[in-house]
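> Got a structure here, written out as structure tokens. Questions coming.
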Amino acid sequence: MNGPLLKVENLTKHYPLGSGIFKKSIPVIRAVEDVSFSVEAGETLCIVGESGCGKSTVARLLMRLVAPTAGRVLIDGTDIAGLKKDALHSWRRRMQMVFQDPYSSLNPRLTAGQIITEPVENFERLSRKQRHALAADLLRKVGMSPEMMHRLPSELSGGQRQRLGIARALSLNPSVIIADEAVSALDVSVQAQILNLLLDLQQQMGIAFVFISHDLGVVEHIAHRVAVMYLGRIVELAPSEALFAKPVHPYTEALIAAAPVPDPMRVRLEAPVEGEVPSPINPPKGCAFHPRCPLAVERCRIDVPPLVPMADGRVVACHVRAPATDIPGQLAEASGYPPASLARFRSGIGYPKAQILRQVQHPREAGD
Amino acid sequence: MLMRESIEEDVLLDIRDLETHFYGEESVTRALGGISFQVKKGETLGVVGESGCGKSVTALSILRLLPKLSARTVGGEIRFHGRDILELSDREMRKIRGDQIAMIFQEPMTSLNPVYTVGHQIAEAVQIHTKASRSVAMEKAEEMLRLVRIADPERRVNNYPHELSGGMRQRAMIAIALACSPELLIADEPTTALDVTIQAQILRLIVDLKERTGTAVMFITHDLGVVAETCQRVIVMYAGRIVEQANVIDLFARPAHPYTQGLMRSVPDRRRGRQRRLPEIPGIVPNLREPIVGCSFAPRCPFAIDICRDKTPILRDVGSSHAAACWRAEEVMGV
């Protein structure tokens with residue numbers, strides 16, 4: 001099979017604030033803005049960022065739980081964003097989701113066996129025997145005893161419930177599992193068990209994961225590649241090792257520096273990044289991170305920085321660290337980043353950098 | 001004798017054999033099974049453990065904020081400045097609470113009153129414990145907001161909690177807690193609900209303020225990273241008991257209890273390599289409604305031998321200022 005398993009192109013989601021029949025323009029929350037990435041079979045892509053950065057909205061868009069404002073989500077080359085209800089139903093088999101809260105995401109009135117076989121019964125009729133065999137098989141896959149199938153969620157521990165959530169996602173043999181903060185609500189010792197389970201399943205079944213998390217320790221442990229989001233946009237997308245060894249975007253740098261490290265001998269030199277995440281209703285002009293950024297220059301306040309491919313296969317959106325002035329075409333192709341996104345700044349459409357820069361610098365020079 | 005007294009003088013809070021039970025319809029949960037520890041003046045003591053280990057119950061027991069109908073402290077002493085606060089009247093306890101011992105909680109939104117401005121809520125704390133007039137208390141409120149580094153405090157005193165971000169609300173909570181210059185601040189997971197960059201700011205703030213005011217801090221958290229960055233001494237709790245107690249450097253360098261060791265190993269760490277299986281702690285925590293024979297960690301412990309299943313280990317010294325409740329602590333440390 002050619003091409004990536006899952007491909008996301010220029011995905012955008014705006015939520016209107018109220019309905020304005022008489023108003024000409026309704027204010028919108030720009031939850032996700034022009035997000036593109038791809039996921040290969042058997043790969044783990046992590047999406048990190050803080051609350052309100054749009055990472056959960058991306059998960060919901062991938063599952064088509066909400067419809068995108070613009071952009072495409074391709075699985076094996078088919079755009080699911082444009083599918084009608086019936087066609088979408090069958091594509092859902094390919095992609096399943098594991099949720100954060102193992103308490104509210106399981107129906108308290110169904111037994112464990114019913115919960116994990118329900119997705120399959122959406123598609124085909126199962127005999128009692130088949131259902132029993134399927135439930136036992138799925139429970140074994142997630143490291144639980146088949147006898148547990150008659151238990152109710154309230155009779156299980158948090159870790160066991162999260163295993164059920166994973167078994168339910170596995171029931172349809174998906175090629176991609178989207179895990180939205182799937183280990184965040186668990187204690188560390190249980191978290192380790194679930195992370196191990198996910199790693200094992202990936203090795204055995206070749207499942208791709210889109211793993212959404214705010215915990216950089218977890219992300220570093222399981223990710224092949226990492227996308228860092230800030231206020232609806234990807235600011236850096238890099239192979240995991242490169243990203244943690246040398247973050248390029250100042251926000252990635254701040255995020256990694258802020259994460260507490262379980263080592264009392266480590267001396268924290270740098271002061272934590274100042275300020276807070278701005279509102280997505282009224283995001284700052286230019287680069288959304290500029291009000292908190294120690295490197296910000298004039299241009300950051302005006303232009304949205306495009307994602308620029310770097311030599312080590314990462315893409316970074318930063319005027320200072322990754323200036324977009326000269327992008328070798330080869331590099332751009334080597335990055336594997338969707339050409340649509342690159343073409344925008346290559347052709348200059350939407351980014352009249354040169355002119356705006358001149359406008360800003362003139363009055364200053366005149367003042368001197 | 002002299003020696004002994006000078007050591008005792010440093011002790012702010014001295015807890016001995018504290019036992020707290022929760023009462024259900026047909027069962028009793030032994031949430032705290034007799035714990036003893038001290039908080040010294042001006043130190044930061046970390047209390048770590050996983051859900052249900054009793055760390056929050058310890059805090060609520062100290063402040064006597066347990067739900068009256070379902071929970072009771074059934075044994076032990078909590079000596080604050082040498083006086084057992086379990087014997088104080090409710091009235092006397094109210095004088096201590098918020099004035100000498102203050103607390104901040106995990107959820108800043110639910111612990112602030114939504115119908116009053118933050119300035120009002122800080123001033124209220126000041127007025128309850130001092131004879132300050134309204135205007136003096138409001139000035140103090142503004143000063144406190146400046147102390148916790150909220151930008152534009154003149155304007156922010158008149159804001160309601162919903163007008164503040166999560167990080168600012170937690171700053172406001174800290175301002176209320178510190179308004180009366182308490183000698184002990186109990187912080188129960190104060191940064192768990194916050195984003196990492198905001199968490200880093202709040203941790204820095206708590207450490208700075210502690211150094212400036214000399215307040216002792218009891219820092220309750222599940223996050224070993226937070227402990228490593230903020231605490232001087234650490235207590236590790238498991239199933240309602242203290243299993244290890246040490247200064248932070250010794251604890252991380254040579255954990256003496258298998259549970260502490262397991263906890264540290266199960267945290268993903270780049271120094272041990274990516275994409276590998278993490279060492280797990282097998283099994284689940286014991287049910288505290290049933291009596292536990294022997295060491296409560298024995299069923300999950302790779303070191304367990306016969307004695308562990310029969311006799312409960314007591315907390316004993318395994319080094320200078322390092323104690324563990326494990327029959328095989330020396331072997332655990334050697335590994």
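Bear in mind these aren't lab numbers, they're just calculated from the coordinates by the rules spelled out. What you see is a predicted model; the values in this text were computed from it and never measured. Heads up, the Cβs are rebuilt from the backbone with ideal geometry, glycines too, and the neighbour counts pull from every protein chain shown.
> Need one value for A:253-260: mean number of C-beta atoms belonging to other chains within 10 Å of its residues' C-beta atoms.
Working: counts 0, 3, 4, 1, 3, 9, 5, 14.
For peptide A:253-260, the averaged partner shielding equals 5.
> Okay, moving on. For chain A, modelled as a Gaussian network with Cα springs under 10 Å, which listed residue fluctuates most, A:His290, A:His89, A:His14?
Checking each option, the largest mean-square fluctuation is seen for A:His89.
> Let me ask something else about it. Antiparallel as a % of all DSSP beta bridges within the protein assembly as shown, to the nearest 5?
Numbers: 57 of 94 bridges.
Bridges in the protein assembly as shown that DSSP calls antiparallel: roughly 60 percent.
> Here is a follow-up. What ranking of B:Leu278, A:Leu152 emerges when the number of other C-beta atoms within 10 Å of each C-beta is taken as an exposure proxy, fewest first?
Fewest-to-most Cβ neighbours within 10 Å comes out as A:Leu152, B:Leu278.
> Per-residue mean of other chain beta-carbon atoms within 10 angstrom of the beta-carbon, peptide B:262-269? Each step should come with its number before you reach the end.
On the way: counts 3, 5, 2, 3, 9, 9, 12, 6.
Mean shielding by partner chains, rounded to a whole number: 6.
> Along the range B:57-73, what does the Karplus equation 6.51 cos²θ - 1.76 cosθ + 1.60 (θ = phi - 60°) give for ³J(HN,Hα), rounded to whole Hz, x for Gly and Pro?
4, 4, 4, 5, 5, 4, 8, 6, 10, 5, x, 4, 7, 10, 9, 8, 7
> Still on this structure, I have one more. Ordered by residue, what ³J(HN,Hα) values in Hz, to whole numbers, does the range B:225-240 give under the Karplus form 6.51 cos²θ - 1.76 cosθ + 1.60, where θ = phi - 60° and Gly and Pro are x?
Each residue of the range B:225-240 in turn: x, 5, 4, 4, 8, 10, 9, 9, 10, 9, 10, 9, 10, 8, 6, x Hz.
> Sort A:Ile281, A:Ile178, B:Ile122, B:Ile249 so the one with the fewest other Cβ atoms within 10 Å of its own Cβ comes first. Let's see the in-between values first.
On the way: A:Ile281 11, A:Ile178 25, B:Ile122 28, B:Ile249 14.
Ordered from fewest to most neighbouring Cβ atoms within 10 Å, A:Ile281, A:Ile178, B:Ile122, B:Ile249 come out as A:Ile281, B:Ile249, A:Ile178, B:Ile122.
> Let me make sure I get this right: for chain B, a, b and c are the square roots of the gyration tensor eigenvalues over alpha carbons, sorted descending. Under 1.5 in a/c it's rounded, otherwise prolate if a/b > b/c, else oblate. Which is it?
Values: a/c = 1.85, a/b = 1.54, b/c = 1.20.
It comes out prolate by the Cα gyration axes.
> Can you compute the helix-only [θ] at 222 nm over chain B? Use -39500 (n - 2.57) per DSSP H run of at least 4 residues, normalise by all residues, nearest 500 deg cm²/dmol.
Numbers: 14 runs with 122 residues, N = 335.
That calculation yields -10000 deg cm²/dmol at 222 nm.
> Among A:39-46, B:75-82, what's the highest-first ranking by average C-beta atoms within 10 angstrom per residue?
A:39-46, B:75-82
> Now for a separate question. I'd like to compare B:182-189, B:203-210, B:281-288: which one has the highest average count of other Cβ atoms within 10 Å, and what's the full order after that? Don't jump to the answer; show the numbers that get you there.
Working: B:182-189: 22.9, B:203-210: 19.1, B:281-288: 17.0.
The peptides rank, most packed first, as B:182-189, B:203-210, B:281-288.
> Provide the net charge surrounding A:Ala317, with neighbours chosen by a C-beta distance below 9 Å and charges set as Lys +1, Arg +1, Asp -1, Glu -1.
Working: positive: A:Arg233; negative: A:Glu236.
Local net charge: 0.
> Suppose every Lys and Arg Cβ carries +1 and every Asp and Glu Cβ carries -1, with no other charges. What dipole size does the range A:241-292 come out with about its Cα centre, to the nearest 20 debye? Working shown, then result.
On the way: 5 positive and 6 negative charges, 21 e Å.
Roughly 100 debye, rounded to the nearest 20.
> Looking only at other chains, what is the average number of their beta-carbon atoms within 10 angstrom of each beta-carbon in A:213-222? Show your work: numbers first, answer last.
On the way: counts 0, 2, 3, 3, 6, 3, 1, 5, 10, 4.
That average works out to 4.
> About its Cα centre, how strong a charge dipole does the protein assembly as shown have in debye, to the nearest 20, once Lys and Arg get +1 and Asp and Glu get -1 at the Cβ?
Working: 84 positive and 79 negative charges, 361 e Å.
Here the size comes out at about 1740 debye.
> So, one more: If you line up the long axis of helix B:196-213 against the longest principal axis of chain B, both from Cα atoms, how many degrees apart are they, to the nearest 10?
Its long axis makes an angle of about 80 degrees.
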